[in-house]
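In what follows, a structure is listed as structure tokens, so that the remarks can point back to it.
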Amino acid sequence: MHVNVRMDYTPLLTKLKEKQISGYKLVEYGIPHKTLYNIRQGKIITVETLAKFAYILDCNISDLVRFEYNITK
């Protein structure tokens, strides 16, 4: 059995837009532009980075990402 996981960062991107937090502001928090690019591409980022976003946005990690699973045998 093989489990493929896809990350959906739509909630994170929505919260950033709602709070009008730009990529430039994220750099001030120590989050590089490349990370935002990776998020937009749906690539995996670290839990530490998600924790930083949760701190910045004053929410829980679970509010920022949805996991989509595809299980193959």
Within region 1-24, restricting to residues that are in contact with a helix residue (DSSP H, G or I) (Cβ under 7 Å, 6 or more places away or on another chain) and either open to solvent by 100 Å² or more (accessible area, probe 1.4 Å) or aromatic (Phe, Trp, Tyr) (or both), the one that is nearest to ILE71 (Cα to Cα) is TYR9
Expected output for region 60-73 (first residue on the phi < 0 side of the Ramachandran plot, partner at pLDDT 90 or above and part of a loop (DSSP other than H, G, I, E, B), Cβ below 6 Å, 6+ apart or cross-chain) is VAL65/TYR9
Restricting region 47-73 to residues that are among the charged types (D, E, K, R) and assigned to a helix (DSSP H, G or I), the one surrounded by the fewest Cβ atoms within 10 Å (Cβ to Cβ) turns out to be GLU48
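The values are calculated or read from the model by the stated rules, or taken from the named source; none is laboratory data. Predicted model only: the values in this text are computed from it and were never measured. As a convention, Cβ positions derive from the backbone with ideal geometry for all residues, glycine included, and neighbour counts pool all protein chains shown. In case anyone asks, the SASA skips ligands and DNA or RNA and just uses the protein heavy atoms, side chains included. Shrake-Rupley method; radii C 1.70, N 1.55, O 1.52, S 1.80 Å.
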